[in-house]
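The values are calculated or read from the model by the stated rules, or taken from the named source; none is laboratory data. In this text, all values refer to a predicted model and were calculated from it rather than measured experimentally. Glycine also receives a Cβ, built like all others from the backbone with ideal geometry; neighbour counts cover every protein chain displayed.
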Amino acid sequence: MRRKTFHTAFCIATRKYPMPRKIVYVAMSADLIHPGHINILKIAKDYASKIKGEVVVGLLTDKAIASYKRLPYMNYEQRKAVLESIALIDRVIPQDTLSYEGNIRLLKPAFVIHGDDWKSGAQVKTRQNVLDTLAELGCGELIEPHYTQGISSTQLNENARAIGISTNARLSLLRRLISAKTPLRFIETHSALSALIAQNAFVNRNGTKVEFDGFWSSSLTDSTSRGKPDIEAVELQSRLNTINEIFEVTSKPLIYDADTGGKIEHFAFAVRSLERTGVSACIIEDKTGLKKNSLLGNEVAQTQDDIKDFCDKIRAGKEAQITSDFMIIARIESLILDKGMEDALNRAFAYVEAGADGIMIHSRHKSPNEILEFIAKFRAKNSLTPIVVVPTSFNEITAQDLGEAGANVIIYANHLLRAGFVAMKEVAQGILQNDRSAEIESKCMSVKEILSLIPGTI
């Protein structure tokens, strides 16, 4: 049956279409090579042999993959090296988008090979675009072998996640993500359970899976969850214990809120400790003295650090780190303290010059206009340095809009803990009010649901 199908397709193709370049085209992510991939490549090689042509694999770039699902475990060059070692493949070229159209127009292949699993689901539009492009160009035919049963890339990825992720692999994730997609969405986690909830949260929006890209370890929520004031009262080692618990059950990168960073000597030590743990980045703010929450603004006494002194702290942190993967992000408090846009921009450029790997800009205004103005003016002179924003006050603007304006990382800095407080208070009062728990059960996650979040429990 398969030989008959092949013969028919081959005859049609050779009779109808000119095939000067004699290319059989296959697109793939190739992050985890499995027998299904090999089967497709064998079929592609058979077609190429019949027309004395070559198999060309369009390897999706990190950016293309991250646009619809998680960042691949291996980067593009690593995946390319794996594919180039497979004898069934003659050439590997990049495919920069999910759409095949660009490479089809470039190569004008005799055949495009893809499993029949994309006839339904999220890839239907991509498939139709392939058919439309081939018809327009009159250059080839789409061949769709039966999907290899019993093989699931999704399941393989789930299995890999269950095994865990190495410290170095997690450490490098943030830089790779920033290069691959915009915007990144990070959310505060203050415990292993809150991190599991964040890791598994997703929605399908316009056929695309949207999820959080990583975690934010907030000094506010870390201290508040312990019943302590947000004044840098929780020591580094205690916070690292929590981070290690989070890392034991998750696989996404984490950004650490380092407040002021403390004394220069202490900050250098903290950088080493965070890097060894696998934290991807820390953010330090340019304030001095006893830490006060930024959203209080000038309602409380807050002093901003001298530019030179803060630059010295950044340099000390960069000199202390071992790898090139760890990032130190400078948080600017000028807008919070009503020092003005010029002061904020002067500090931003100075901090980048001192070695900062990114800039976080903060505002306590409900309108995002101040933040958008800063981004625009910063981007006019610097198009590469990542910008981090925390839309706690200006919460009506979307992450997508902030990304389109030039922001790279959007942090939802305290929402899980705040939501947890409301729910716990309501449930506690409800039990006392009714003298039983029946009335509040609908407000609680079932025990089975909780247990299902935790690997190995069920």
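So which residues in region 328-350 are in contact with a Cys (Cβ under 7 Å, 6 or more places away or on another chain), over 20 Å from ILE410 (Cα atoms) and crowded, with 19+ Cβ neighbours inside 10 Å, if there are any at all?
Listed by number, the list is empty, since nothing qualifies.
Confirm whether LYS448 is assigned to a helix (DSSP H, G or I), basic (Lys, Arg) and on the phi < 0 side of the Ramachandran plot.
The answer is yes for LYS448.
Which residues, counting only those in region 207-266, are hydroxyl-bearing (Ser, Thr, Tyr), in contact with a strand residue (DSSP E or B) (Cβ under 8 Å, 6 or more places away or on another chain) and assigned to a helix (DSSP H, G or I)?
Selection gives SER219, THR221, THR242.
Do we find a residue being in contact with a Leu (Cβ under 7 Å, 6 or more places away or on another chain), surrounded by 13 or more Cβ atoms within 10 Å (Cβ to Cβ), modelled with pLDDT of 90 or more and of a type in the set (Ser, Thr, Tyr) anywhere in region 209-219?
The answer is yes, given that some residue of region 209-219 is in contact with a Leu (Cβ under 7 Å, 6 or more places away or on another chain), surrounded by 13 or more Cβ atoms within 10 Å (Cβ to Cβ), modelled with pLDDT of 90 or more and of a type in the set (Ser, Thr, Tyr).
Output the number of residues of region 111-133 satisfying the condition of being aliphatic (A, V, I, L, M) and modelled with pLDDT of 95 or more.
Residues that pass the stated criteria total 4.
Of the residues that make up region 427-446, is at least one over 21 Å from PHE349 (Cα atoms), in contact (Cβ under 8 Å) with a residue 24 or more places away in the chain and either outside the structural domain of LEU196 (by TED's automatic domain parsing) or over 24 Å from the mean Cα position of the chain (by Cα) (or both)?
Within region 427-446 (the criterion being over 21 Å from PHE349 (Cα atoms), in contact (Cβ under 8 Å) with a residue 24 or more places away in the chain and either outside the structural domain of LEU196 (by TED's automatic domain parsing) or over 24 Å from the mean Cα position of the chain (by Cα) (or both)), the answer is no, since none of the residues qualifies.
Being assigned by TED's automatic domain parsing to the domain that holds ILE329 and either loosely packed, with under 11 Cβ neighbours inside 10 Å or free of Cβ contacts under 8 Å to residues at least 24 places away in the same chain (or both) is the requirement here; does ALA399 meet it?
No: the conditions fail for ALA399.
Taking the options PHE421, PHE374, name whichever one is modelled with pLDDT under 95, aromatic (Phe, Trp, Tyr) and part of a helix (DSSP H, G or I).
On inspection, the qualifying residue turns out to be PHE421.
Within the set of pairs 6 or more residues apart or between chains, which connect a residue that is in the same structural domain as ASP90 (by TED's automatic domain parsing) inside region 31-57 to a residue that is modelled with pLDDT under 95 and of a type in the set (Lys, Arg) with Cβ atoms less than 6 Å apart?
That search, which allows pairs on different chains as well, returns ILE51/LYS22; GLY53/LYS22.
List every residue pair whose Cβ atoms sit under 7 Å apart, with the two residues 6 or more apart in sequence or on different chains, where the first one lies in region 162-174 and is assigned to a helix (DSSP H, G or I) and the second, anywhere, is at pLDDT below 90.
ALA162/PRO455; LEU173/LEU71
From the list SER324, SER383, SER367, exactly one residue is in the same structural domain as LYS228 (by TED's automatic domain parsing), of a type in the set (Ser, Thr, Tyr), part of a loop (DSSP other than H, G, I, E, B) and in contact with a Phe, Trp or Tyr (Cβ under 9 Å, 6 or more places away or on another chain). Which is it?
Being in the same structural domain as LYS228 (by TED's automatic domain parsing), of a type in the set (Ser, Thr, Tyr), part of a loop (DSSP other than H, G, I, E, B) and in contact with a Phe, Trp or Tyr (Cβ under 9 Å, 6 or more places away or on another chain) holds for just one of SER324, SER383, SER367, which is SER367.
Can you name every residue in region 178-205 that is aromatic (Phe, Trp, Tyr) and without any contact (Cβ under 8 Å) to a residue 24 or more places away in the chain?
Hit for region 178-205 is PHE202, nothing else.
Might you let me know whether region 89-97 holds any residue that is free of Cβ contacts under 8 Å to residues at least 12 places away in the same chain and under 30 Å from ARG170 (Cβ atoms)?
Checked region 89-97: no residue is free of Cβ contacts under 8 Å to residues at least 12 places away in the same chain and under 30 Å from ARG170 (Cβ atoms).
Could you please find all residues in region 237-261 being buried (at least 17 other Cβ atoms within 10 Å of the Cβ) and over 24 Å from the mean Cα position of the chain (by Cα)?
The answer is THR260, GLY261.
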